[in-house]
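The values are calculated or read from the model by the stated rules, or taken from the named source; none is laboratory data. Since the model is a prediction, treat every value here as computed from it, not as a measurement. Ideal geometry is used to build each Cβ from the backbone, glycine not excepted, and the neighbour counts take in all protein chains shown.
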Amino acid sequence: MISELYDVIHRRRDVRGQFTGAPITAEVLDRVLAAAHAAPSVGMSQPWDFIVVRDWAVREAFHRHVRHEREVFAATLDTEAAERFANIKIDGVLESTLSIVVTYDADRGAPAVLGRHAIAETGLYSVCLAIQNLWLAATAEQLGVGWVSFYREAFLRQLLDIPDGIRPVAWLCVGPVTHLEAVPDLEQHGWRRRRPLHAAVHTDRWGSAQG
Ligand SMILES: Cc1cc2nc3c(=O)[nH]c(=O)nc-3n(C[C@H](O)[C@H](O)[C@H](O)COP(=O)(O)O)c2cc1C
């Protein structure tokens with residue numbers, strides 16, 4: 001049903017604080033990964049891989065790294081922003097059931113990747129579409145997803161034995177949640193608000209948006 005699709009799109013949230021840690025069945029995890037794997041990709045290169053991380057020691061090591069990167073970012077903020085940021089939770093690495101790290105292999109299908117010769121980033125765009133499919137499928141399955149990007153790629157590559165040339169694109173915390181918030185966390189904390197649609201839509205040329 002079309003209304004169910006829109007409902008999932010609008011219910012989807014980035015989750016940090018509402019994970020319960022309850023298990024995910026193998027069937028549900030398969031469906032969510034299959035949805036990600038059904039994404040469009042430039043030249044049908046399917047440049048993604050999914051590393052399902054359950055290992056507690058790995059998650060703890062990643063979480064320590066995230067905490068450090070949080071401090072690195074906090075040190076760049078002015079006093080007011082730093083105070084606001086201090087109240088914002090930026091990950092659910094330890095509370096979620098598992099994590100899924102999504103990677104990008106620029107060599108897959110190369111060199112003749114149809115549609116990528118002029119825009120190298122189309123490969124990365126493809127990975128992000130797989131991530132969005134995963135996010136929406138997880139939402140439909142009543143799971144929460146939280147994208148964590150407070151990390152250095154080199155650290156994550158080493159932690160997960162990711163070969164050179166393959167880029168980690170996202171660390172996604174995944175699992176059952178108590179509920180999905182109606183309003184994004186960053187909006188609740190007064191960090192940023194969603195722009196009105198009319199401010200983002202232009203007609204014929206850049207600059208005609210009414211907002
Ligand atoms: C590429 C990307 C990276 C993100 N990294 C983080 C992160 O490190 N920590 C975090 O708390 N949220 C992260 N988010 C979530 C955004 O903050 C969130 O999507 C945004 O505030 C809108 O909220 P919503 O997804 O609930 O609608 C990330 C989102 C994207 C798309």
Study note, to complete from the structure: Going through the stretch 51-89 in order, the residues found to be in contact with a strand residue (DSSP E or B) (Cβ under 9 Å, 6 or more places away or on another chain), within 20 Å of P163 (Cα to Cα) and in contact (Cβ under 8 Å) with a residue 60 or more places away in the chain are I51, V53, V58, F62
Practice item. Please enumerate the residues belonging to the stretch 80-97 that are within 11 Å of the ligand (Cβ to nearest atom), over 16 Å from the mean Cα position of the chain (by Cα) and not in a helix (DSSP H, G or I). Key: I88
Check your understanding: Can you name the condition, by its number, that I24 falls short on among (1) within 17 Å of the chain's Cα centre (by Cα); (2) buried (at least 18 other Cβ atoms within 10 Å of the Cβ)?
Key -> (1)
Revision key, fill the gap. Listed by first then second residue, the pairs whose first member lies in the stretch 185-199 and is within 16 Å of A82 (Cα to Cα), whose partner is more than 8 Å from the ligand (Cβ to nearest atom) and not in a loop (DSSP other than H, G, I, E, B), with beta carbons under 9 Å and at least 6 positions apart or on separate chains, are H189/R84; H189/F85; G190/R84; W191/A81; W191/R84; W191/F85
Practice item. Working only within the stretch 12-35, note down all residues that are within 13 Å of the ligand (Cβ to nearest atom) and touching a helix residue (DSSP H, G or I) at 6+ places or on another chain (Cβ under 6 Å). Key: R12
Revision key, fill the gap. Only one of (1) within 16 Å of the ligand (Cβ to nearest atom); (2) surrounded by fewer than 12 Cβ atoms within 10 Å (Cβ to Cβ) does not apply to V66, and that is (2)
Review point. Which of the residues belonging to the stretch 170-189 are surrounded by 12 or more Cβ atoms within 10 Å (Cβ to Cβ) and near the ligand (Cβ under 9 Å from one of its atoms)?
Key: A170, W171, L180, E181, P184, D185, L186, E187
Practice item. Find the helices (runs of 4 or more DSSP H) located wholly in the stretch 1-79 whose residues include 3 or more that are over 24 Å from S96 (Cα atoms), and list them. Key: 2-11
Review point. What do you reckon, is L124 more than 25 Å from E71 (Cβ to Cβ), part of a helix (DSSP H, G or I) and within 16 Å of the ligand (Cβ to nearest atom)?
Key: yes
Revision key, fill the gap. Expected output for the stretch 23-46 (first residue within 13 Å of G175 (Cα to Cα), partner among the β-branched types (V, I, T), Cβ below 6 Å, 6+ apart or cross-chain) is I24/T97
Review point. For the stretch 75-90, what are the residues that are closer than 19 Å to W147 by Cβ and either modelled with pLDDT under 95 or in contact with a Phe, Trp or Tyr (Cβ under 7 Å, 6 or more places away or on another chain) (or both)?
Key: I88, I90
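Yes/no matrix, rows are residues, columns are (1) in contact with a Gly (Cβ under 8 Å, 6 or more places away or on another chain); (2) within 20 Å of H179 (Cα to Cα); (3) acidic (D, E):
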residue	(1), (2), (3)
G109	yes, no, no
V127	no, no, no
I131	no, no, no
T139	no, yes, no
D161	no, no, yes
Practice item. Say whether the condition of being crowded, with 19+ Cβ neighbours inside 10 Å, of a type in the set (G, A, S), within 15 Å of the ligand (Cβ to nearest atom) and in contact (Cβ under 8 Å) with a residue 40 or more places away in the chain is met by at least one residue in the stretch 143-165. Key: yes
